[in-house]
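Worksheet: the structure to be examined is printed underneath.
No value in this document is a laboratory result; all are computed from the given coordinates. Remember, predicted model here, so these are calculated numbers, not experimental data. Cβ coordinates were reconstructed from backbone atoms using ideal geometry, including for glycine residues, and neighbour counts include every protein chain displayed.
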Amino acid sequence: MTIEIRSLHDSFGAEVIGVDLSRPLDAEEFATVHRAHLDHGIILFRDQELTPAQHKAFSRRFGPPEIHVVSWYRLPDHPEIIVVSNKKGAEGKPLGLEDAGRYWHSDMSYLPTPALGSILYAVEVPPTGGATMFASMHAAFDALTPERKESLSKMRAVHHFGSRWYREKDKAGIRPPMTKEEEEKTPPVDHPIIRTHPENGRKSIYTGGFTMGVVGMAQDEALEFLDDLDAFMTQPQFVYTHEWRAGDVVFWDNRCTMHHATVYDAQKHTRHMHRTTIKGDKPF
Ligand SMILES: [Fe+2]
């Protein structure tokens, strides 16, 4: 079957039509999907049905898996998959993280070698709400003035998982504290604010929700600076909002996009998703 690529937004995002992710892609199909991912930043596949093994097999074509630092919301027997869900198991125990990613961020930017990309598979979705917004950091970089590109390219931001975890924990009150081991595994790291994509060569702004400071800048000033940058990067012209259907698979590139989950009525409806994450490399 011929693969068709259909644009989702003026500056990024595409739907890939004619691919069944449950079976291995041949070399030509893989090359087309890989190219679409590099060209569009996020790619959408509709009407998929994936077992955890099939989900992991497709993800591995792009690189080794990254295991999430927080252990309790990994899928049992499949540590490469995290569960984003409001479903409860035996004795009311959450099956996944209900309030995942409700702030602009790039997944695992807090690691010394942050994630290349993430592949989120929608198993059950609510009839309304629960959309995911995506922002193109390539498009945001391109829109900067030459002076701003120059000044930002000399700066580094500090990323820290724990600061964000506890901020979200305080906000919604449904997250448990991190374990000491999880905290020790995720010390603050710093990355360049402007990074160059290792595969397509384009530049992007690389900050977002795990950034908690700027190297060499006073903390209050840094937080205001990062908020301003966030507001710049998430202007409507850089944002695509994805309304999920069950069976959707979205593969986003964490090196050049950010995303932001939105709320839904978790008392009335179910939203249940599986995510794999692919290891990336050190930003430069
Ligand atoms: Fe995320």
Checked against the positive end of the charge dipole of the chain (+1 on Cβ of Lys and Arg, -1 on Cβ of Asp and Glu, about the Cα centre), the farthest of SER85, TYR121, THR262 is SER85
Can you tell me which of PHE30, PHE210, PHE251 moves the most in a GNM of the chain? Springs connect C-alpha atoms under 10 Å apart.
PHE30
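Just to confirm a number: summing +1 for Lys and Arg and -1 for Asp and Glu over residues other than ILE193 whose beta-carbon lies under 10 angstrom from that of ILE193, what do you get?
Details: positive: LYS154, ARG156, ARG195; negative: ASP190.
Neighbourhood net charge equals +2.
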Amide H to amide H under 5 Å from LYS279: which residues, 5+ apart in sequence or cross-chain, H placed 1.01 Å off N in plane?
GLU66, LEU116
Run the dipole for the chain about the Cα centre, Lys and Arg Cβ at +1, Asp and Glu Cβ at -1, nothing else charged, and hand back the magnitude in debye, nearest 20.
400 debye
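Count the net charge of all other residues whose Cβ sits under 12 Å from the Cβ of ILE278, scoring Lys and Arg as +1 and Asp and Glu as -1. Walk me through the numbers on the way to the answer.
Working: positive: LYS56, ARG60, ARG61, ARG255, ARG275, LYS279; negative: GLU66, GLU80, ASP107, ASP253, ASP281.
Overall, the nearby charge balance is +1.
Can you give the longest run of the chain that contains no GluC sites (Glu not before Pro) sitting in a DSSP loop with at most 16 other Cβ atoms inside 10 Å?
On the way: sites that count: GLU49, GLU199, GLU243.
For GluC sites (Glu not before Pro) (loop position, at most 16 other Cβ atoms within 10 Å), the longest site-free span of the chain is 50-198.
If you place +1 on the Cβ of every Lys and Arg and -1 on the Cβ of every Asp and Glu, how big does the dipole about the Cα centre of the range 117-196 come out, in debye to the nearest 20? Write out the running numbers ahead of the final one.
Details: 12 positive and 11 negative charges, 35 e Å.
About 160 debye.
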For VAL214, residues with placed amide H under 5 Å, excluding near neighbours:
VAL158
Which of these, ASP170, ASP142, ASP26, has the largest mean-square fluctuation under a Gaussian network model of the chain (Cα springs below 10 Å)?
ASP26
For the range 78-85, what does the Karplus curve 6.51 cos²θ - 1.76 cosθ + 1.60, with θ = phi - 60°, yield as ³J(HN,Hα) per residue in whole Hz, taken in order and with x for Gly and Pro?
9, x, 6, 10, 9, 9, 10, 6
Quick check: Cα centre of the range 96-173 to Cα centre of the range 232-265, how many Å?
10 Å
In sequence order, calculated HN-Hα J values of the range 180-185 (Karplus, 6.51, -1.76, 1.60; Hz; x Gly/Pro)
4, 5, 5, 5, 5, 6
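So which of LYS180/LYS203; LYS169/LYS268; LYS56/LYS282; LYS56/LYS154; LYS171/LYS268 end up more than 28 Å apart, counting from Cα to Cα? Please list the in-between numbers first.
Working: LYS180/LYS203 36 Å; LYS169/LYS268 22 Å; LYS56/LYS282 23 Å; LYS56/LYS154 38 Å; LYS171/LYS268 21 Å.
Check vs 28 Å cut-off fails for LYS180/LYS203; LYS56/LYS154.
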Which trypsin sites (Lys or Arg not before Pro) from the range 220-283 combine a DSSP loop assignment with at most 12 other Cβ atoms within 10 Å?
ARG245, LYS268
Rounded, prolate or oblate (a/c below 1.5 giving rounded, otherwise prolate when a/b exceeds b/c) for the chain by Cα gyration tensor
oblate
Loop trypsin sites (Lys or Arg not before Pro), the range 46-127, which have at most 16 other Cβ atoms in a 10 Å radius of their Cβ (DSSP):
ARG46, ARG61, LYS87, ARG102
Give a quick list of trypsin sites (Lys or Arg not before Pro) in the range 154-191 that DSSP marks as loop, anything other than H, G, I, E or B, with at most 16 other Cβ atoms within 10 Å.
LYS154
Which ³J(HN,Hα) values, rounded to whole Hz and listed in residue order, are derived for the range 6-18 from phi using the Karplus coefficients 6.51, -1.76 and 1.60 in 6.51 cos²θ - 1.76 cosθ + 1.60 with θ = phi - 60°, glycine and proline given as x?
10, 5, 9, 7, 4, 10, 6, x, 8, 8, 9, 10, x
Built amide H within the under 5 Å cut-off of HIS105, gap 5+:
GLY209, HIS259
